[in-house]
1. Please give the FRET efficiency for Glu9 paired with Phe115, using the beta carbon to beta carbon distance and R0 = 35 Å, rounded to the nearest 0.05.
2. Just the C-alpha atoms of the range 100-204: what Rg/Rh do they give, with Rh taken as the Kirkwood radius?
3. Please report the net charge: other residues with Cβ closer than 14 Å to the Cβ of Tyr97, K and R +1, D and E -1.
4. Quick check: pseudo-label points 7 Å beyond the Cα along Cα→Cβ at Arg170 and Glu136, how many nm apart are they?
5. Which pairs, out of Lys52/Lys121; Lys86/Lys193; Lys121/Lys193, put more than 24 Å between their alpha-carbon atoms?
6. Pairs of alpha-carbon atoms within less than 8 angstrom and 6+ residues apart define the contacts here; what relative contact order does the chain have, in percent?
7. Mind checking the angle between helix 119-144 and the chain's longest principal axis? C-alpha axes, 0 to 90 degrees, to the nearest 10.
8. Can you give the charge dipole size of the chain about its Cα centre, rounded to the nearest 20 debye, using +1 on the beta carbon of Lys and Arg and -1 on the beta carbon of Asp and Glu?
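FYI, it's all coordinate maths here, none of it is from the lab. On a predicted model such as this, the values are computed, not experimentally measured, just so you know. No Cβ is skipped: glycine too gets one built from the backbone with ideal geometry, and neighbour counts run over all protein chains shown.
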Amino acid sequence: MGIKKESSEVRREQIVNAAIAIIGNEGISSFTTARVAKEVGISEANLYRHFKNKDAIITAVIESVEDTLIWNVEGIREERLPGIEKMERIFKMHLRYIQENNGIPRIVFSSECLFVKGLQKKILSFVNLYMKKLGEVIEEGIKDGSIKDSVNAEAQATILVGMIQFNALRWLLSGFKYSLAEKGEKLWTSYRKNLEVKKKRSLV
């Protein structure tokens, strides 16, 4: 029997996942088209049928991250939960996703990513969209009474994204020596106080 040929979509996904894994395990310097092709089990010439160069793979990685995070946020928004609980799930989900794909912070904070032509605008557009989605969840929480009506949704969304980015960077610089998800538990407890409506104590 001959070797089964994967569809173009499946192969592209395999290449993207291989790139994330290689960068996470071996560093950005090990990320070459030859190394990715070897990891996927195809020739480098075959890889170029799906991506014209290394920059195109990085772009696809960023697009994959964007699709996953936005899809997760939209899925959580559909759940029958108070806004404050949705925000907690989104925050912890984001940190778990980074922890399970530790190549992502190495890519996002690398010069290979920041100086790829056109990629800066793509990343900025994604960050703005993500913060907009978070702001909408906060507004929903204000309406359902689980989040203080005095908070500024845009400001709190910005703080949350900044908190994720800073801690992802610190985790990267530590060499991934601790659990990002566990660290997030403590961070959320502190951040939640900015949003949550304090329950009135019963006098009975």
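1. On the way: r = 28 Å, r/R0 = 0.81.
The computed FRET efficiency comes out at 0.80.
2. Using only Cα positions, Rg/Rh for the range 100-204 is 1.07.
3. Around Tyr97, the charge tally is 0.
4. Distance between label points: 3.1 nm.
5. Beyond 24 Å: Lys121/Lys193.
6. Values: 172 pairs, mean separation 45.8, N = 204.
Taking the mean separation of contacting Cα pairs over the length of the chain, I get 22 percent.
7. The angle comes out at about 30 degrees.
8. 400 debye
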